[in-house]
Every structure is written in structure tokens, then in C-alpha cells.
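The values are calculated or read from the model by the stated rules, or taken from the named source; none is laboratory data. Given the structure is predicted, the values throughout are model-derived calculations rather than measurements. Ideal geometry is used to build each Cβ from the backbone, glycine not excepted, and the neighbour counts take in all protein chains shown.
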Amino acid sequence: MKIIIHGGFFSESGTNQEVKLSKQESLKKIAQQGYDYLQTHSAAETVVYTVALLEDDPLFNAGTGSQIQSDGCIRLSASLMDGKTHKFSGVINVEEVKNPIYIAQMLQSAEDRVLSGKGAQQYARENGFEYYNPEIPQRRQEYETKLNNSIRLGTVGCVALDAEGNLAAATSTGGKGFEIPGRVSDSATAAGNYANGFAAVSCTGVGEDITSGGLATKIVTRVTDGMSLQQATEKTLTEMKPFDGFAGIIALTANGDVHYADTHPYMVWAAYDNGVKIFN
Ligand code: ASP
């Protein structure tokens, strides 16, 4: 059994060192909680449980503590890909909910599996997701001073391999910060979050680059066709160089390879590999 999680990127300024350390501490704790949960749950259940813990931690840009868009609103996107059933589900730009990843989970059994905006919110309300304001004062302050114009990424993701050999991936984000309302993140697309019976990948970084690079699906496809996870990741990230793509990935294969990579420093991540902790 294996699990790997990420908490997005952090910028390298002095003030961010403290944030980086807190994020790493939090990731270690949540990776442990996720790994414990995986002992008695499927990969798909575990990635949802773990991403919800990350959404609830205000240090990360997902759920509570998400970044604010240019019109002052927070809009959340999250998706789940179950490698066993080969189903993708997600929500795009949903407002005033606590855990978008739980809505994505509920949509696994729906006929229409990716919902956006008001439709996603209405579906959530009808299914018991109550009003919740994910804003924290610090994000409002950053928004007021337009700090969001600088890169401050912190999307979250989780990939797991369960006892039965099934894979799943989940990703959740508040977006890139200060974006035009209506902008679509990669996190609830197959470019940002993908899994099948061979491999599972969750991405973070600049959504436009991740989508342009078809990142998660490409890596998973290459592994499915016989490439090693490391080679598949290297090749796919190299293909982003011509457009200076900014991205990071965490990944697992059914054979048990655990991998992470980023195009720019530094993505924060943590993993448990058959009980052995690996942290950056
Ligand atoms: N990928 C996310 C987005 O572009 C941002 C991030 O990963 O931090 O919406």
C-alpha cells in the first residue's frame, strides 16, 4: 500500500520559508493519517479522505484558505479519478461549500459527472452540502494588496494504491489567485488529475500549462504503453519546455513505483511507501 500527497508550490522568498516548513509539517501528518485510512479503505475512498483533510487545512490553497479571484469571490475546483472503475468526476468553480472533493465523490455515481458554477452549487445544496465560506482573513488581506498577482500556488492532491492493487487520484484547488471569473483550472480536468489500472497522477502548477501539456493523461498513457514512470514523467515534462511550462506531479504505478517531479523549485509533498515514510 502506498500514498503520496502534494501541497502545491511555494515561492522561495524568506517570508515563505516559514510557510514552507509549516506546510511540510502538516503534509507529514496528513500523509500518515491518509496511510492509516488506506489500511481499511480503497484507494478511491482514501484519496478523497486525504484531500478533504488538506482542504480543511488553511495553509493550502484548496477548500478553507483558498485564494480569491479578481472579483473578490472564491471558486473551488476538485476532481476524483477512480482507476478501478475508470470514472472521472468533478466540480469546477463551485462557490460556498466546504469540501468540493466530497461533491466530486458523490458525482461518481451520477450520470452527469462534471458540474460547474451555479449548477454544481445547486447539486451540492440538494445533496446536503451546506453553506460554507472558505475565506480566511489572510487571503482577504493578500487580495486587498493584490499579492495574488505573484505566484503563490498551493493546490492539493493525493494518489493512492490500495491493498487490492487499485489506484486513484484526487486533486483540489482554489485556482491560481486573482484570475478572471470563469477561468477553468486544470485540477478538475483529466490533464490535472488522472488514473487507470496502471498509473495515477495528480498535478499542480499553472493550470494553463498543465492543460496545454496534457500532463496527467500523457504520463498515465505512457506508463500504460510500457514506459517506466520516471521516463514517462521526464519525457512529458520535457515536452513542456518549449512553452516554459510550470508544473509538478505526484504519481504511483500499480507495480509500486512512487514518483514526484517538478519543472521549477519547489513542490511540497510527502509519501508513505509500505509503511516507510518519505518526505521532502
Ligand atoms: N493548478 C492550479 C490552477 O491553475 C493552481 C495550482 O496548482 O496551484 O488552477
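If you scan the stretch 233-279, which residues turn out to be at negative phi, surrounded by fewer than 13 Cβ atoms within 10 Å (Cβ to Cβ) and in a loop (DSSP other than H, G, I, E, B)?
Asn255, Pro265
Would you confirm, using the coordinates I've provided, whether Arg139 is among the charged types (D, E, K, R) and within 16 Å of the ligand (Cβ to nearest atom)? Show your work before the answer.
On the way: among the charged types (D, E, K, R): yes; within 16 Å of the ligand (Cβ to nearest atom): yes.
Yes; evaluated as a whole, the condition is true for this residue.
Might you check whether a residue that is β-branched (Val, Ile, Thr) and either free of Cβ contacts under 8 Å to residues at least 12 places away in the same chain or within 20 Å of Thr211 (Cα to Cα) (or both) occurs anywhere in the stretch 130-142? No.
Yes/no per residue for (1) touching a strand residue (DSSP E or B) at 6+ places or on another chain (Cβ under 6 Å); (2) more than 13 Å from the ligand (Cβ to nearest atom); (3) under 15 Å from Asp257 (Cα atoms):
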position: Ser187; (1), (2), (3): yes, no, no
position: Tyr194; (1), (2), (3): yes, yes, no
position: Ile210; (1), (2), (3): yes, no, no
position: Gln231; (1), (2), (3): no, yes, yes
position: Glu234; (1), (2), (3): no, yes, yes
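One line per residue, one yes/no per condition, for (1) hydroxyl-bearing (Ser, Thr, Tyr); (2) crowded, with 24+ Cβ neighbours inside 10 Å; (3) in a helix (DSSP H, G or I):
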site: Lys28; (1), (2), (3): no, no, yes
site: Asp36; (1), (2), (3): no, no, yes
site: Thr40; (1), (2), (3): yes, no, no
site: Val47; (1), (2), (3): no, yes, yes
site: Glu55; (1), (2), (3): no, yes, yes
site: Pro58; (1), (2), (3): no, no, no
site: Thr64; (1), (2), (3): yes, no, no
site: Leu80; (1), (2), (3): no, yes, no
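Has the stretch 138-154 got any residue that is surrounded by 21 or more Cβ atoms within 10 Å (Cβ to Cβ) and either at pLDDT 95 or above or of a type in the set (Ser, Thr, Tyr) (or both)? The answer is no; no qualifying residue exists. Right, Ala232: in contact with a helix residue (DSSP H, G or I) (Cβ under 9 Å, 6 or more places away or on another chain) and closer than 18 Å to Ala170 by Cα or not? So Ala232 fails the test. The residue pairs whose first member lies in the stretch 259-270 and is under 15 Å from Glu234 (Cα atoms), whose second member is of a type in the set (Asp, Glu), and whose beta carbons are closer than 9 Å, counting only pairs six or more residues apart or on different chains, are Ala261/Glu234; Thr263/Asp209; Thr263/Asp244.
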